[in-house]
Each structure stands twice: as structure tokens, then as C-alpha cells.
Amino acid sequence: MGRLIVVSNRVQPPGDASSGAVGGLAMALAAALREHSGVWFGWSGQTIEEHTGQLSVQRIGGVTVATIDLEPQDLDEYYNGYANKTLWPLFHYRVDLSVYERSFSEGYGRVNARFADALAPLIQPDDMVWVHDYHLMPLAQELRRRGVKNRIGFFLHIPWPARRLLATLPNHRDLVEALFDYDLLGFQTEDSASAFEDYVTGELDGSVTPDRRAHAFGRTAQVGAFPIGLDVETFEAAAHDEVAVAEYERMHASLNGRAMILGVDRLDYSKGLEERFLAYEQALLDHEELREKVFLLQIATPSREEVDAYQDIRARLDAVTGRINGAFATVDWVPIRYVNRAYRRDELAGVYRAAKIGLVTPLRDGMNLVAKEYVAAQDPEDPGVLVLSQFAGASEQMTQALIVNPFNREEVAEAIVRGLAMPKSERIARWAELMADLRRTDVTAWRDAFVKALASDTAGTERLAG
Ligand code: GDG
């Protein structure tokens, strides 16, 4: 078998993955590439005034990293525009926030074509290409136009929206048609895979076979659900290193006998932070005995600050935490500690371990790796309780968490209260099952399942024959 070529918008060299990197995708891919003599291709993160197509190639940690720069206009239209103002909100069910401008989709097409121009010459006959995420949906189409016949797979890290929601996007058919140039289409969950199939049969007049081969536009793509896993071993090692232990001890000392409820998220409107704060407030209102006995630590790392909707959510969260803290705080107790900075990964592991409740309540989320990290960081003898949104992809697997509807304030409040009071034996039993499943479905299992499906896929063979 040839090499694996991974393509994603941003490239995070594997050597950097343990500390400051934010983003589940970066962590998962670093783990996947460590074992493969693969090539990782993407945007350098740099802009230059005029596009040259110049490829920069480096060898980092056994992986060849190849990047190109983009122009400022590309960044506005492709990244901040179509990817993060149009697709991200729509795919997270926020049609109200989804902005469509023709220049965005032009920029999106242009950057995908530029990626293909730089990438096509690197591809050797036996290589497999694995493209990641919503930034690069048309990439296979652009590569095919340049004569690339290799197997190409696509994995979507975010949810696939319901059919009628996607139909609100101008030119949605073109976007989906481009996906049929992939051999394999991977989604995080059954829910997303079947929403895609529903679009194919309901919106396109296509068909899907019982073994999940989708036919439309005269082409065939294999569909599958490949829930992304955690790099459990690396995360456990981080959770036991000196920094993690020191952070755990520091947190533990600062608890003052109080129980910590923890949220860790990129500061994004899909993560349901406002609803979470209001649910926590509800718990304080309904259960006065909790006051001064618990606190919520919310780590919300700033993200995509160039996009207005992110400035809006940040301002709303500042206001809600200010109001709740103003209403409930006493001289030596603040109900919400709200922190807007990034932590090191091992520091974070120490913080997870000190929390009685991991509160992971996104309104919509492809998977949510924080839920998995929280479980992996727990003390097996005295684990905390995971409260998890039914709208996080992780809820399909993590059924031993307390599963909640994040839109239902009372329900989330009651789950917090139940988690705080849960007997140790039940906490251990639930945790042990969650942890065994995390190990069984870790990032290596995810990578292997996807690569195996891509290698054995017969849709690609039909393409070569036809
Ligand atoms: C997308 C999908 C899917 C957060 N704060 C810090 C920090 N983080 C790390 C967490 C976790 C990652 O960022 C966040 O991953 P999520 O999975 O929760 O969410 P997205 O970034 O939205 O990722 C998501 C994922 O892709 C993978 O497929 O699960 O559904 O939206 O690893 O620990 N890391 C560090 N400092 C922080 O302050 N080092």
C-alpha cells in the first residue's frame, strides 16, 4: 500500500501536539500520522499579499509536512467567510447565523482549486488521500479535474445537517455533487450518516444500498459512521506528568472543600455556554443547599475572533456570568469562575481530574472530545460524573454518562444535582464502562477503520473501470 496523504485546512506538526494546540482535529491527526510515514498537506496559517502556489515542505517527527500560504482575501472569503460564517453555523443548526455571500463561495472554490494545484503533483500512484472537514468539501472534485485517480476519502468532523436545513443553503446541490467525487464519505455518527443518506434519497432522487453505497449524479460513494476517538494513551500520560499533578494539587487546594463543576470549550455558540450557565443558575435557585458548596469553572478559549457572531457570544457570556455572580456571590464565594485563556494540555488534564462533574452540554457537536478527555483523566478509585448533551456526537457512544437535553434548563440542573449526590459505587461502575469503551474506540481504532474502508472500497474501483 502507498502512503497516506492527509489534507486539512490547518496543519499542526506532530511535535507540537502536547502543549498549546487547541482543536480536537489537530490532536487526533497528530496521533494518526505518528505511525504512518505519511504526508500532511494544508494551509501554513500564513498569508502573503500575492498567491505564488509555492509549496513549503518540511520533515517533522517522521511526517512530511507540506504547506501553502493564502492571500488575505482567501482568508476572508474561504476561511472566515464560507467555512466559518456560512457552513459552520448552518451545519450546527444555526440558520439564523448562517451568512451567504457570493464572494464567500467563490473564495471557497478558489482556495480548494489552489489546494488541488499544489497537492496533485505530490500524489503518487499508490497513495490514498484523506481529506478532513467542511473547509475542503470540493477538494476531490478539483483533484479529479487534474487527473487524480487515487482513492480519496472525506471525513466530516462536524454534524451533517437535516435535509431541509441543508436545502436552505444556496447551491447546496453543487456542494453535495462535489462530495460524489470521493470514494468514501465518513461521518462522526449514525445520526449524521443517515441525515446525509436522507438528503441523497429525498433531495437528489439518488439511492442508497443496504451496504451504504450512495448513488447520485451518475456516481457512487461509500457512506459510513466513524466516531473519532481519543489518543487515550498519550492523554493518560499527560494526565500523570508533573505539570498535571501540580495543577491537580493546586486546584484541589483551591477547592476549599467545595465541589467543582467543570466546562472546557472553544468559545463557540454551538457549545451551549449560555444555556449551561442558566442551568447552573437554576440548580442554585432550586437547591439553596448547593450555594457556597459548589462552583462552576468554565474555561472558554477564545476562537475565531474575526467573526462577529463570536464577539457577540463573548459579550453575552460576560454579561450572564456577571449577572449570576452578582446575584449569588458572597464575600468568599464566587459561583462561576470564567476563564478566557488557553491552558496547556497537561494542565487541563489536572483540572479535569479535580472536577466532580464534567459538564459538556453543546447544542450541537460533531463528537466533542472534551467529554472523552474528562473521562480519561478521572481517578479510577473516585471518578467524577460526566453530564453530556444528547446533541453531542459522543452521546451515541457514551451512554453511561448522564445524558441531558441542553435546551432544558431544569433537566440539566437536576443532572448536576444527581451527579453531585451519586454514590461512589455507581460513579465507579459508570466510569469503568465509559473508560473501557474509550480504550476500545480510541483514535487508532478510528484511523484504522477509516483507512481500511478507504483501501477496500469498491466504489473507487468502479471509477477506475468506468
Ligand atoms: C471539532 C468538532 C469534534 C480546549 N481548550 C483548550 C484545549 N482545548 C482542546 C480540548 C479538546 C479540543 O480542544 C476541543 O475539541 P472538541 O472535540 O471539543 O471540539 P472542536 O474544537 O469544536 O472540534 C468536534 C472534533 O472536531 C474532532 O473531530 O469532536 O465535534 O467541532 O481536545 O482539550 N486544549 C488546550 N488548551 C486549552 O485551553 N491545550
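Checked against (1) over 17 Å from Gly81 (Cα atoms); (2) at pLDDT 95 or above, Tyr108 passes all but a single condition, namely (1). Does Asp133 meet the test of being within 16 Å of the ligand (Cβ to nearest atom) and either surrounded by fewer than 23 Cβ atoms within 10 Å (Cβ to Cβ) or farther than 20 Å from Leu185 by Cα (or both)? Yes. Of all residue pairs spaced 6 or more apart or on separate chains, those with beta-carbon atoms under 7 Å, a first member in region 209-224 that is under 24 Å from Pro159 (Cβ atoms) and a second member that is part of a strand (DSSP E or B) and of a type in the set (Lys, Arg) are Thr220/Arg213; Gln222/Arg213.
Counting only strands (runs of 3 or more DSSP E) that sit wholly inside region 143-240, those with at least 3 residues that are out of contact with any Gly (no Cβ under 7 Å at 6 or more places or on another chain), more than 14 Å from the ligand (Cβ to nearest atom) and not acidic (Asp, Glu) are 219-225. Among the residues making up region 396-435, those that are closer than 22 Å to Leu363 by Cβ and among the charged types (D, E, K, R) are Glu396, Arg409, Glu410, Glu411, Glu414, Arg418.
Check Glu347 against each of (1) more than 21 Å from Trp431 (Cβ to Cβ); (2) among the charged types (D, E, K, R); (3) more than 12 Å from the ligand (Cβ to nearest atom) and name the one condition it does not meet. All conditions are met except number (3).
Annotation note: of Ala371, Ala342, the sole residue that is within 10 Å of the ligand (Cβ to nearest atom), free of Cβ contacts under 8 Å to residues at least 40 places away in the same chain and on the phi < 0 side of the Ramachandran plot is Ala371. For Pro380, are the conditions met, namely being away from the ligand (no atom under 11 Å from the Cβ) and buried (at least 24 other Cβ atoms within 10 Å of the Cβ)? No; evaluated as a whole, the condition is false for this residue.
Screening Arg291 against (1) more than 16 Å from the ligand (Cβ to nearest atom); (2) modelled with pLDDT of 95 or more; (3) out of contact with any Ser or Thr (no Cβ under 9 Å at 6 or more places or on another chain); (4) not aromatic (Phe, Trp, Tyr) leaves a single unmet condition, (3). When region 350-368 is examined, which residues are found to be more than 18 Å from Ala413 (Cα to Cα) and near the ligand (Cβ under 8 Å from one of its atoms)? Scanning region 350-368 gives Asp365, Gly366, Met367, Asn368. Pairs are defined by a Cβ separation below 6 Å, a sequence spacing of at least 6 or placement on different chains, a first member in region 253-276 that is closer than 17 Å to Gly366 by Cα, and a second member that is assigned to a strand (DSSP E or B); the pairs so defined are Val264/Ile299; Asp265/Ala300; Arg266/Thr301; Leu267/Ala300; Lys271/Asp265. Only one entry in Arg110, Arg145, Arg114, Arg94 is surrounded by fewer than 23 Cβ atoms within 10 Å (Cβ to Cβ), of a type outside the set (S, T, N, Q) and within 26 Å of Phe226 (Cβ to Cβ), namely Arg94.
Out of Ile60, Ile68, one residue alone is outside the structural domain of Arg304 (by TED's automatic domain parsing), surrounded by fewer than 20 Cβ atoms within 10 Å (Cβ to Cβ), at negative phi and aliphatic (A, V, I, L, M). It is Ile60. Could you tell me whether Val307 is within 16 Å of the ligand (Cβ to nearest atom) and either touching an Asp or Glu at 6+ places or on another chain (Cβ under 6 Å) or assigned by TED's automatic domain parsing to the domain that holds Ile357 (or both)? Judged against the criteria, Val307 is a match.
Checking the stated criteria, Ala300 turns out not to satisfy the condition of being touching a residue at least 24 places away in the same chain (Cβ under 8 Å) and away from the ligand (no atom under 16 Å from the Cβ). Filtering region 256-288 to residues that are away from the ligand (no atom under 16 Å from the Cβ) and not in a helix (DSSP H, G or I) leaves Asn256, Gly257, Arg258, Ala259, Met260, Ile261, His287.
Yes/no matrix, rows are residues, columns are (1) surrounded by 23 or more Cβ atoms within 10 Å (Cβ to Cβ); (2) farther than 21 Å from Asn80 by Cβ:
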{"position": "Gly272", "(1), (2)": "yes, yes"}
{"position": "Glu289", "(1), (2)": "no, yes"}
{"position": "Leu296", "(1), (2)": "yes, yes"}
{"position": "Arg304", "(1), (2)": "no, no"}
{"position": "Ala327", "(1), (2)": "no, yes"}
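Of the numbered criteria (1) on the phi < 0 side of the Ramachandran plot; (2) crowded, with 18+ Cβ neighbours inside 10 Å; (3) within 25 Å of the chain's Cα centre (by Cα), the one Thr168 fails is (2). Among the residues of region 341-381, the one identified as assigned to a strand (DSSP E or B) and either small (Gly, Ala, Ser) or at pLDDT below 95 (or both) is Gly358.
The values are calculated or read from the model by the stated rules, or taken from the named source; none is laboratory data. Remember, it's a predicted structure, so these values are computed and weren't measured experimentally. Cβ atoms come from the backbone with ideal geometry, glycine included; neighbour counts cover every protein chain shown.
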